[in-house]
1. Return the residues of the range 116-158 that are among the charged types (D, E, K, R) and over 23 Å from L70 (Cβ atoms); say none if nothing qualifies.
2. Name every residue in the range 84-115 that is touching a strand residue (DSSP E or B) at 6+ places or on another chain (Cβ under 7 Å), crowded, with 20+ Cβ neighbours inside 10 Å and closer than 13 Å to M71 by Cα, in order of residue number.
3. Test A61 against the stated conditions and say whether it is among the aliphatic types (A, V, I, L, M), without any contact (Cβ under 8 Å) to a residue 24 or more places away in the chain, surrounded by 13 or more Cβ atoms within 10 Å (Cβ to Cβ) and in a helix (DSSP H, G or I).
4. Would you call K99 touching an Asp or Glu at 6+ places or on another chain (Cβ under 9 Å) and part of a helix (DSSP H, G or I)?
5. Within the range 116-133, does at least one residue satisfy the condition of being charged (D, E, K, R), loosely packed, with under 14 Cβ neighbours inside 10 Å and within 18 Å of H76 (Cβ to Cβ)?
6. Within the range 26-58, count every residue that is among the β-branched types (V, I, T), under 27 Å from F120 (Cβ atoms) and assigned to a loop (DSSP other than H, G, I, E, B).
7. Exactly one of these conditions fails for S23: (1) assigned to a helix (DSSP H, G or I); (2) free of Cβ contacts under 8 Å to residues at least 24 places away in the same chain. Give me its number.
8. Checking Y59 against (1) over 29 Å from G129 (Cα atoms); (2) at pLDDT below 95; (3) among the aromatic types (F, W, Y): exactly one of these is not met. Which one?
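The values are calculated or read from the model by the stated rules, or taken from the named source; none is laboratory data. Model, not experiment: these values are computed from the prediction. Neighbour counts are summed over all protein chains in view; Cβ atoms, including those assigned to glycine, are modelled from backbone coordinates with ideal geometry.
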Amino acid sequence: MTVPAVSVLDRAAEIIAAFVPDSDLVDLLTQLQDQLGFIPPQTVALIADATGIERPAIYKAIELSPSFSLMPPGKHLLYVCSADNCCSKGGLELAATAKRVLATDFYQCDEKKLVRLEPFRCLGNCVNGPNIAVDKVVQGHMTPEKLEAVLRELLAEN
């Protein structure tokens, strides 16, 4: 495991230090995830010290929420719509294509850390499904072939 840049850990320490002790752990984890893009594993000890919550309980809270990650985000974020409408129009095939091309699973990045793959309940573009979003830009009428081309382009970046 690589150690995140000091600035990331410093920023995490600032977020944790500003945390109100009686607040909800999930609120703190959400702040870290939103501001840093992930929850650096090295911060779990800081969270435990600040909150009095034991480390295993913190890891469990992170593990139980698919929106939390202990891994740094990729350069790009790919959402594959997992709502019923998109799934019925080929969304499951899109998910399988993304997993195959990226050689990874949901909530993980490809080996170059260029693309993070996540399911998304509904991208709000149902009439044009199945949908994906790359860096929050929704693309409708997606096919496995088009998705593979999009991913190959992203993976070709340096």
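1. Answer for the range 116-158, where residues must be among the charged types (D, E, K, R) and over 23 Å from L70 (Cβ atoms): E145, K146, E148, R152, E153, E157.
2. C109, V115
3. no
4. Judged against the criteria, K99 is a match.
5. Taking every residue of the range 116-133 in turn, none turns out to be charged (D, E, K, R), loosely packed, with under 14 Cβ neighbours inside 10 Å and within 18 Å of H76 (Cβ to Cβ).
6. Residues flagged as among the β-branched types (V, I, T), under 27 Å from F120 (Cβ atoms) and assigned to a loop (DSSP other than H, G, I, E, B) within the range 26-58 amount to 1.
7. Unmet for S23, out of (1) assigned to a helix (DSSP H, G or I); (2) free of Cβ contacts under 8 Å to residues at least 24 places away in the same chain: (1).
8. Y59 satisfies every listed condition except (2).
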